[in-house]
Structure formats: C-alpha cells, structure tokens
1. Can you name the helices (runs of 4 or more DSSP H) wholly within segment B:273-341 that have at least 3 residues being in contact with a strand residue (DSSP E or B) (Cβ under 9 Å, 6 or more places away or on another chain) and within 14 Å of chain A (Cβ to nearest Cβ)?
2. Out of A:163, A:172, A:130, I need the residue that is at pLDDT below 90 and away from chain B (no Cβ under 12 Å). Which one?
3. Any idea which of A:43, A:34 is in contact with a strand residue (DSSP E or B) (Cβ under 8 Å, 6 or more places away or on another chain) and within 14 Å of another protein chain (Cβ to nearest Cβ)?
4. Kindly provide the set of residues from segment A:15-51 that are farther than 29 Å from residue B:89 by Cα and touching a residue at least 60 places away in the same chain (Cβ under 8 Å), ordered by number.
5. How about segment A:103-127: which of its residues are part of a helix (DSSP H, G or I), in contact with a helix residue (DSSP H, G or I) (Cβ under 9 Å, 6 or more places away or on another chain) and within 14 Å of chain B (Cβ to nearest Cβ)?
6. Quick test for you: out of B:182, B:188, B:169, pick the one residue that is within 17 Å of residue B:221 (Cβ to Cβ) and away from chain A (no Cβ under 14 Å).
7. Go over the candidates B:57, B:91 one by one and state the one that is touching a helix residue (DSSP H, G or I) at 6+ places or on another chain (Cβ under 9 Å) and free of Cβ contacts under 8 Å to residues at least 24 places away in the same chain.
8. What residue, among those in segment A:208-223 that are farther than 21 Å from residue A:60 by Cβ and within 13 Å of another protein chain (Cβ to nearest Cβ), is farthest from the chain's Cα centre (by Cα)?
C-alpha cells in the first residue's frame, strides 16, 4: 500500500522538486551573492541584500501593495459571489456560463490589458461616449491611476474567485436551505446566515487565489497605472531588468514569498477547519 | 496523424536539416532592418540567416551574458559595450574585413565608448528630447525647465527609465547627464518628484498613439519615435532642450562565442553599404551613423532636424555613459523613491 502511494506521488514530487524547489534554492543562493560590476553575480557571499530590505521604503511599498491587493480581492468577492451563486442555480445553462467566465483566458493577458487602455484613455471608448452624450465636457482621467490598477487586477483575477466559489455553492446541501426556509428565514437571512457561512471554504480559497497574484503583479501597475505608483512586483522586476541587481531582486522576491506564506499560515491556522 | 500525411511531411523535414549553406545568427532590436535587408544578404552570399529581435537591452543582456547564446551578431546600445567588452563577450573588430567602415560619419569613426572601433561598429543613433502638440500648446517648450512648468494640463509623460528621468532632471539643474555625485543626484531626485504631480504617466514609446490621438500634449521621447509620431500627426513638434540632452547609439558587435567571425564581418560590412544602410534608415525612420548612406536619403529626410540634428544642436548633447556600480545603485534607490513618491 505504501509502495503504491510512493509510485503515485513520484511524478508530482518530481515536478515540484525539479520545477519549484530547485529553482527556489537557486534564488535563495543568488540572494546571498554580490552584484557584479555590471550586473550578473559575483562573490563574496553576503547577507547585505537581506540587510537592505530593512530600508523603510520597501516596507511602505509593500504596505501599499497589500492594501491594493486587499481592495482588489474584496471587490472580486463582492462581484464574484453573486455571479457564482447565479451560475450554481442556473440549471442546464451552468456550463455555458462557466465557459463564459473563463473565456477571457483565450486571449493573451497583455492584449486584454492593452484593450483596457483603449477603453480608458482620454480619447478612449468610454470618454468618447460620455463626451458625445454630453454627460461630461472634459475627458475623465480614467487611465493611469490606482483605480485603473485595481480595475485591471479585479478584471484579471475575477475567474479565480468565481470558480472556487461556484464549486462550493454547487455542492451546498439544498436540504439545509429548505430547512432554513421552513424555519421562517427570509431570503436575506438565508443568504447571510446559511449560504455564506457554508461557503466559507470557497470564499477563503478564492480570496487566496486572487490575493496572491495581486501581490506579485507588475504588468498591471505599469500599463494601467502608468508606473506612477509602483507595487512590490515592480521593484522586483526592476532589479532583474533595469538595475540588473539579481541578488537584491532575489532577496526581495523571497521576502515577498515569506510574507505570503506568513499570511497564509495565519489564515489556515484560524480557518483551517473550514478550508478542509 | 495518418501515415500518408507523415510521409508527405518527410521531405520538408529533410529540408530543415540537410541544407549545407552556412547559417548566421543575428539578434537585433525590433524594427531595425528594412523588410528585404536580410533576404538580400542571404541571396547574395548564399547563406541562411536566423534573425530574431528583442524589445529591450535587458533581453539582449540576459541572453548573451552567459557567453553561450548561439548568436553571432547583436546590436547593443553604447553604454553596454564597455561592460560586454570587460566581460569578454565581444570579438575584436577586424578592420581589414570591413572595407565599408570608412562610410561612417567622422564622429562615429571614433565614438567615446570605443574610440578606435576595436569592439563595435556604430549602426544607428538617437537622442532624447521633448515632443509636444503645437495645436494646443502655444508656448513651445524649448528647455527642460519649460517642460517642468505647468503648461500641459497634466497631459504629459516622461519615459519609464531611470537614466532618462534622472538625466533630464540633472540637465535641468545644469549638472552633467552622467553625474555620479550623490548631492547632485539627490537634487535631481527632488526635481523629478516635483514634476510628478503634473505627469500623467511614466511610459516609453507606447505613448506614441496617445500623442497622435491628442490624449497627451507633451512627452519626453526618443527622437526616432518622436519622428514616427510627427509623421502620423503633423501638429507634433520635437525639441532638443536647450540645457542639453541624452545621446545614445546602437552598434553592431560580433560575439566572441561566434564560430563564423568571417561571415559575421561580411554581414556587418554589408550593413555598412550606403544603399543598405539608407534603406534601413528609411524603412525604420531611424538615424543612420553612415555618412554615405545619409547622402542617399531623400532631401526632406536628410534635412530633418529631429533625425539629423546637425553639429550645432549636437554640440549640446551628452553621450550616455556606463554607470559605475555605486552610481547605479544610488540611482536605483532614488528611482524607487521617485516612483513611490
């Protein structure tokens, strides 16, 4: 029995080892090296890259990133929950709706982001339409601000919220809802006191799946935010490109990963039962 | 796949592997050759060229830094040539294999980053200035100081590049573009932060569309990209700021790892032909470093002061230099402060 287990686990273990743990070990090693004169890596081994993280500027950027990610996650939840509920109760058309949810993935993320730029810019579709209707007389600055960044993050990550929510809501025991109704619960009470608590695992899973990619985002703040207020992902990206400081970039990305893991651990400890 | 389709595809497979023509590997910036530049070379010299492009200097550096990239000829910007030389990535330029070298403009026969052209052959050049919409902006911005003023209704952008933003701020303050002085750099950081509320975004050449459509009224922009915007919207104008401006050049280099140094030189020599270089400059709207090619350009292009500013304007320009590690690190820190301000 244990042998069989080992055989079945081997492929996944191999993939995780070769494609996740080994690269992670390399990144960890990089974070202890010194930047070469023109980039690249060189000795001596040092903890200096980690010491640089103590600089408060990176903490400020990290806090900003967490705030933007939290708002985006919350918006995803607010938009995604009704949608998932609707899909889970739409009978035979479920599959059509689910396919529509993942339809955007058929196009490259970069192209979809550029499409948003065409919608949001001063001479874009939205401003042109509003101007033509006489609602506004000056184009609204929709592009290149934090709002546009949050919009982009919500748009990109909404499916990751909807799908786990749908999976939970779909499996919800209908008899529990009937019991609530029989006991006199109005629809709103039924929703807030039965459906939402029972779908906590989906809400948590969805929130985690949205929050983590938001933390590491760099393309959206660059393209929709106009690079005016950076997230921690931009700082990491900049170390690997313009600054060519791989060791510091490695330390930054590992620190970001540690933050994510700590947050996850805190959530799992408090809500672990619900997740399982 | 049934057997017949498989068998039908075999001759094609043979075509891939059995050709005995030598192959040259060329890695260049996107939009940096004319449509027929490569095919003409292949036909004339009876070789195959594997041609691929990159969008940023980082992409190129990441590929070639290992010394085992598989490319023969690449086109780094001038600031990357000393580091690549020191890293022993470059093959020496064999002048005896480059009879067309004399076609280069005198200034590019001995550029500051490689005065005797030992490692690189200048290809195209450019500068960073200000492009603005003359229909809306009536007071032309003639200087960085003007650009810093509030005259673009917050519809202005700067390049998303620390060298350019900090560089413009340094020039505005009257300091050298390549300054490594911490006091000057900190002052430049303050300048860069002071203009930030009036900027819509930090964005590179992609802002062209928005300049043409009128979303943006002014932008810090590279000369070749500015010229492309002007071609599409004649209301746009380009200015070489009076305090000074950044100059940069891209050069062809043969990598040390190349096992076809002779053929690689043939290719570089081919690019130095006046008619080849002028065709490229015309097709891409870039500025050739080749004096003989310039003479072949149509009059309006040759006299276009955005692409070919001439000696009087050029005298105010400063070549971008490779930054020292300490200066690079301070600038990165200041850039993070500017971007998160």
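1. Working: elements: B:274-284, B:291-296, B:299-302, B:310-314, B:325-340.
In segment B:273-341, the matching helices (runs of 4 or more DSSP H) lie at B:325-340.
2. Values: A:163 fails: at pLDDT below 90; A:130 fails: at pLDDT below 90.
Of the residues listed, the single one that is at pLDDT below 90 and away from chain B (no Cβ under 12 Å) is A:172.
3. Values: A:43 fails: within 14 Å of another protein chain (Cβ to nearest Cβ).
Exactly one of A:43, A:34 is in contact with a strand residue (DSSP E or B) (Cβ under 8 Å, 6 or more places away or on another chain) and within 14 Å of another protein chain (Cβ to nearest Cβ), namely A:34.
4. Keep residues of segment A:15-51 that are farther than 29 Å from residue B:89 by Cα, which gives A:15-21, A:47, A:50-51.
Scanning segment A:15-51 gives a single hit, A:50.
5. Result: A:110, A:113, A:114, A:116, A:117, A:118, A:119, A:120, A:125, A:126, A:127.
6. On the way: B:182 fails: within 17 Å of residue B:221 (Cβ to Cβ); B:188 fails: within 17 Å of residue B:221 (Cβ to Cβ).
Checking each option against the conditions leaves just B:169.
7. On the way: B:91 fails: free of Cβ contacts under 8 Å to residues at least 24 places away in the same chain.
Only one candidate qualifies: B:57.
8. Keep residues of segment A:208-223 that are farther than 21 Å from residue A:60 by Cβ, which gives A:208-210, A:213, A:219, A:223.
If we keep only those that are within 13 Å of another protein chain (Cβ to nearest Cβ) too, we end up with A:219, A:223.
Working: A:219: 13, A:223: 17 Å.
Ranking the candidates gives A:223 first.
The values are calculated or read from the model by the stated rules, or taken from the named source; none is laboratory data. Every value quoted in this text rests on a predicted model; they were computed, and no experiment measured them. When we count neighbours, we look across all protein chains shown, and the Cβ atoms used for this are built from the backbone with ideal geometry, even at glycine.
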